Amino acid sequence: MARFTVKIAGVDYPFTALTLRQSVDPPDEFTVELPKVEAAPAFEDPVDIYRDGVKIFSGLLERRQAVFGEEGERLVLGSRDLSQKLFRHLTGAQTWTETKVRTILQDLIAGTGLTEGAIADPFQVWHRWLQTTDADFGGDVLTDVEVAGTGTAAKVVLTYAGATKTGNIKSTLIAPVNWQSWIEFNAAVDEKNQTITFDILDSADNTLVGGITPAQLPYDLSALAESSLKVRCNLTAAPWVDGTALESSTGVIYASYPRRGQKITVPNKTLHTIIFAIHKEGSPTGTAYLRIRRTSDDSIIYEESFDVASLPTDSGNWQVFKLTNPPTVNEEVRIMVEYYGGSTDNWIRMRRYRNSYGENWEGVETSYDGTAYTDDSTADSNIVIHDKPSPELLEWSVTHHSDYTDFTVDYEYRFEAVNRLAAMLGAEWWVDSAGALHFQPQRGSDLSGTVRYQAERDVTVSRVTETFQLANRITVIGAGEAASRVEETEEDPASQAAYGLHEAVYVDKEIDTADAARTTAQNLLAKYKDPVEKIVLQVLPVYDFQVGDIITVTDPHTGLEGSYRVKVKTIRFTAEEGEQWELELATRLTDLPDELLKTGQLQRWLKGLA
């Protein structure tokens, strides 16, 4: 039988019962029942508990309770472990920006009486570089592409400038502070039956990985050793009519010849973009039109206007018309530029291609002199027609592990600040019996090969599997109000497919950057996207292990057979019954506090307040 010793202020106290609850969620707590003593220990007296001479708990006395009963007068004492010192000190108002995790923790424990223990350094923090709005894309290098739309509705599309069929967007340099490793590249696109590829570049724009297709996303970047990189999206559109071959021949458009373009049979196509090689000569003014007319009755199917004076004088200009309401055409039509103003030498000129008087692309050149049309089968107007919209980049992202985070405190208990930092980073922390604070990605060791409990021999099992706290779409709401509020969402499609959609919201008004909100949401998602299995064991104290360790449990009656983490270890000792252990195990580490994990209904309510 193990021997327990309780020392208070260095003095051994005889006791009748002892309970010590150790948990992966600080603090550890104890209660001890003493027979009647002449002088009760004082508050703040140091409490140390030993098992067979080894210290397993240290704290400062916080609770005294006098109990009167059939057994006479007793004194029950209680305390938390030395992490309680963090409750005795408040933070100030402070923000750390892109700061190492260890530095933040050093600042938080300064002056508390705790020392620095095993703090993971570097600490791998999940981050996601993300561009999804017009403001995000605004700093990138755009080549023959443009950003259409605003906010999260923004998308990158081809401009078709110069009648080009391709374009690209190259991101700013992604150079995380204290970078550790890349995780993956991902993007949301709408190909529109066209072509999109991606390249991963180094800081000097050399290609590290080229030709990534949307079907290959998300793309694993873990093999890349560069500490900074860029991403490039290449958009390509294939026009239905490609009349880009130029020669010196032109035709004029003005009051005496107000219409010119291409007569063409369109076989049930939706026309999205029309490009003509036109420029102005002299100083024409007024309004001109792009019009699509039926050849059968000259009725107008589509039109849009433009300012003639805005045309350049460059004879190589390609004027792009992105049709706002693209018409679907299944007949012969005339696609023309029409201008009813101007005069000789103050007109619009349209490039035309003759090439030894043969037809070169769909249709023929057509013009109108105010009375009748002339269709020239020996020439074509220089025209490009796209029957599909531009491919679209909607957003792109790069995830990485780097040792930094953004963190804000504002006059709160330092215990709560450390707890919040751990929740945000998906970390675990504890204070040992020497008063050292430890902060790690995961506490404990894998002892599943050596610590094995079997039902009916040395363990009694109670097993529960539950999904009531499952969350596979988590929104983090941080600082700010209305449109300026920090709000980021992460979700897990695989969990949603398996268990349905479970929404949750985590509210922390000290989170004041999108990056910190994304990091928090991702780490919470990793913990709560799967059902939690809780197992309570009554076991014999035949093995040596701690909370956080992984052990093996086998119970043929409940089908339990596998490795589980020790979430809570409760030690009870009395002289009559000796030492007993109760273990709470879980395949998932912790339960998200009810006050921070709410339903989608609460999420909508919070949004309604802004």
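The values are calculated or read from the model by the stated rules, or taken from the named source; none is laboratory data. The structure presented is a predicted model; accordingly, all values stated were derived computationally and were not measured. Reconstructed Cβ throughout: ideal geometry from the backbone, glycine too, with neighbour counts over all protein chains shown. Only protein heavy atoms, including side chains, enter the accessible area calculation; ligands, DNA and RNA are left aside. Shrake-Rupley method; radii C 1.70, N 1.55, O 1.52, S 1.80 Å.
The candidates S296, S402, arranged from most to least accessible area with a 1.4 Å probe in the full protein assembly, appear as S296, S402. In this simple spin-label approximation, T371 and E184 carry label points 7 Å from Cα along the Cα→Cβ vector, and these lie 7.0 nm apart. If R0 is taken as 56 Å, the Cβ-Cβ distance between T213 and A434 corresponds to a FRET efficiency of 0.50. Computed from the C-beta positions of E116 and A526 and an R0 of 25 Å, the FRET efficiency is 0.40 to the nearest 0.05.
Centre-to-centre, using Cα atoms only, segment 207-285 and segment 399-438 are separated by 52 Å. What the phi angles of segment 67-74 give under the Karplus curve with 6.51, -1.76 and 1.60, with θ = phi - 60°, is a coupling list of 10, 10, x, 4, 8, x, 7, 9 Hz, glycine and proline written as x. To the nearest 10, the accessible area of W126 is 30 Å² with a 1.4 Å probe. The peptide list 404-410, 337-343, 557-563, put in order of mean Cβ contacts within 10 Å with the highest first, becomes 404-410, 337-343, 557-563. Our coupling estimate for segment 395-403, obtained by passing each phi through the Karplus curve with A = 6.51, B = -1.76, C = 1.60 and θ = phi - 60°, is 6, 8, 8, 10, 9, 7, 9, 9, 8 Hz, Gly and Pro reported as x.
Going through (i) 208, 87, 44; (ii) 121, 53, 45; (iii) 72, 61, 47, the figure that equals Cα extents along the principal axes in Å as computed for the structure here is (ii).
For segment 266-306, relative contact order (Cα pairs under 8 Å, six or more residues apart, normalised by length) works out to 29 percent.
Across segment 181-188, coupling constants 3J(HN,Hα) worked out from phi with the 6.51/-1.76/1.60 Karplus curve, θ = phi - 60°, read 6, 8, 10, 7, 10, 9, 7, 10 Hz, and Gly and Pro carry x.
Applying 1/(1 + (r/R0)^6) with R0 = 41 Å to the Cβ-Cβ distance of R102 and T236, what FRET efficiency is obtained, to the nearest 0.05? Can you show the working numbers first?
Details: r = 47 Å, r/R0 = 1.15.
Computed FRET efficiency for R102 and T236 comes out at 0.30.
In this simple spin-label model, placing a label point 7 Å from the Cα along the Cα-to-Cβ direction at both F468 and R354 gives a separation of 8.6 nm.
Residues whose amide H lies under 5 Å from that of D446, counting only those 5 or more places away or on a different chain, are I550; hydrogens are built 1.01 Å from N in the peptide plane. Close amide H contacts of A154 (hydrogens built in the peptide plane, cut-off under 5 Å, sequence separation of 5 or more or a different chain): D134.
For segment 455-492, list residues with backbone N below 17 Å from a point placed 7 Å from the Cα of T152 toward its Cβ? Inside the label zone: 472-492.
Within the chain, the whole DSSP H helices whose Cα atoms reach 18 Å or more along their own axis and whose mean Kyte-Doolittle score is at least -0.5 are 514-528.
Between Q538 and T287, residue separation times 0.36 nm minus the direct Cα-Cα distance comes to 81.6 nm.
Near S227, within a Cβ-to-Cβ distance under 15 Å, what is the net charge of the other residues, with Lys and Arg +1 and Asp and Glu -1? Surrounding charge for S227 is -3. Projected label points at V37 and I300, each 7 Å from Cα along the beta carbon direction, are separated by 9.8 nanometres.
Heavy-atom accessible area for F185, with the other protein chains in place and a 1.4 Å probe, reaches approximately 0 Å². Building the convex hull from the alpha-carbon atoms of segment 260-374 and averaging its projection over directions returns 7.5 nm².
On a per residue basis, segment 434-553 carries 43 Å² of accessible surface, using protein heavy atoms and a 1.4 Å probe. Here the gap between D314 and A175, fully extended at 0.36 nm per residue and compared with their Cα-Cα distance, gives a gain of 45.9 nm.
Could you give the length gained by full extension between D345 and A204, i.e. 0.36 nm per residue of separation minus their alpha carbon distance, to one decimal place? Walk me through the numbers before you get to the answer.
Numbers: separation 141, 0.36 × 141 = 50.76 nm, distance 4.92 nm.
Gain in length upon complete extension: 45.8 nm.
Here the relative contact order of the chain, from alpha carbon pairs under 8 Å that lie six or more residues apart, stands at 17 percent.
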